[in-house]
Structures are given as structure tokens and as C-alpha cells.
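Encoded as C-alpha cells, the structure appears first; notes follow it.
The values are calculated or read from the model by the stated rules, or taken from the named source; none is laboratory data. Computed from a predicted model, the values in this text were never measured in an experiment. Because the Cβ atoms are built from the backbone with ideal geometry, glycine has one as well, and the counts that use them run over all protein chains shown. What goes into the accessible areas is simple: the full protein's heavy atoms, side chains included, and nothing from ligands, DNA or RNA. Shrake-Rupley method; radii C 1.70, N 1.55, O 1.52, S 1.80 Å.
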Amino acid sequence: MEEDREQKKSLTLFQVSKHKSDDDLYVAVHDRVYNLSQFWRRHPGGEGLIREREGKDVTAEFEAIHHSKVAQDLLRKYEVASLR
């Protein structure tokens with residue numbers, strides 16, 4: 001799995017910021033980029049939490065909530081790139 005991650009592309013925050021639609025929604029957390037297009041509607045805290053932060057680095061917000069190990073593992077499923 002680690003090898004797969006290393007082969008993924010890298011994006012700048014500017015590039016991430018272009019992904020802000022219902023079916024193309026990216027966020028960055030801990031220098032990784034995640035495509036949450038298939039998840040934002042199911043977010044336990046409400047879809048608005050993600051939609052308000054789409055296209056941004058949300059590391060501080062993610063850490064402030066103290067997401068569980070389960071949530072952290074779920075996030076990995078949506079990883080599409082590293083942040084450069």
C-alpha cells in the first residue's frame with residue numbers, strides 16, 4: 001500500500017482549490033490530497049462541514065476534531081495525491 005501511495009501524483013494547493021463541485025471535491029490533510037466526492041454527503045458531522053472547506057487544506061480542522069482511528073483509516077480510502 002505504501003508503494004501505491006508513492007506512485008500517486010502530487011498536486012499544489014492551487015490545483016486542489018480547483019476541485020470544488022459535487023462530483024469533484026478535494027481537500028488536503030497532512031500533505032495528502034483526498035477526493036471526497038463520494039463521501040461528503042455521508043459525513044457524520046453534516047455535509048456542510050466538508051462543503052465549506054472544499055478545495056482547501058483542512059489539517060487544522062481535522063486535528064481539532066480529534067478524528068478516531070476509524071475515521072483516519074476511512075480517509076485513506078479517498079487519497080488521490082500528495083500535496084506539494
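For this structure, a couple of remarks:
- Condition met for ALA28 (aliphatic (A, V, I, L, M) and assigned to a strand (DSSP E or B)): yes
- Extreme residue, nearest to HIS19 (Cα to Cα), among residues of region 49-58 that are part of a helix (DSSP H, G or I) and open to solvent by 30 Å² or more (accessible area, probe 1.4 Å): ARG51
- Hits in region 53-78 (condition: in contact (Cβ under 8 Å) with a residue 40 or more places away in the chain and within 17 Å of ARG41 (Cα to Cα)): LEU75, TYR78
- Taken together, LEU25, LEU83 contain a single residue that is within 12 Å of the chain's Cα centre (by Cα), crowded, with 16+ Cβ neighbours inside 10 Å and touching a residue at least 60 places away in the same chain (Cβ under 8 Å), which is LEU83.
- Single unsatisfied condition, PRO44 versus (1) in a loop (DSSP other than H, G, I, E, B); (2) surrounded by 10 or more Cβ atoms within 10 Å (Cβ to Cβ): (2)
- Top-ranked residue of region 3-14 - restricted to ones that are modelled with pLDDT of 95 or more and part of a strand (DSSP E or B), ranked as least open to solvent (accessible area, probe 1.4 Å): LEU11
- Restricting SER68, SER17, SER37 to residues that are open to solvent by 30 Å² or more (accessible area, probe 1.4 Å) and within 19 Å of ALA81 (Cβ to Cβ) narrows the list to SER17.
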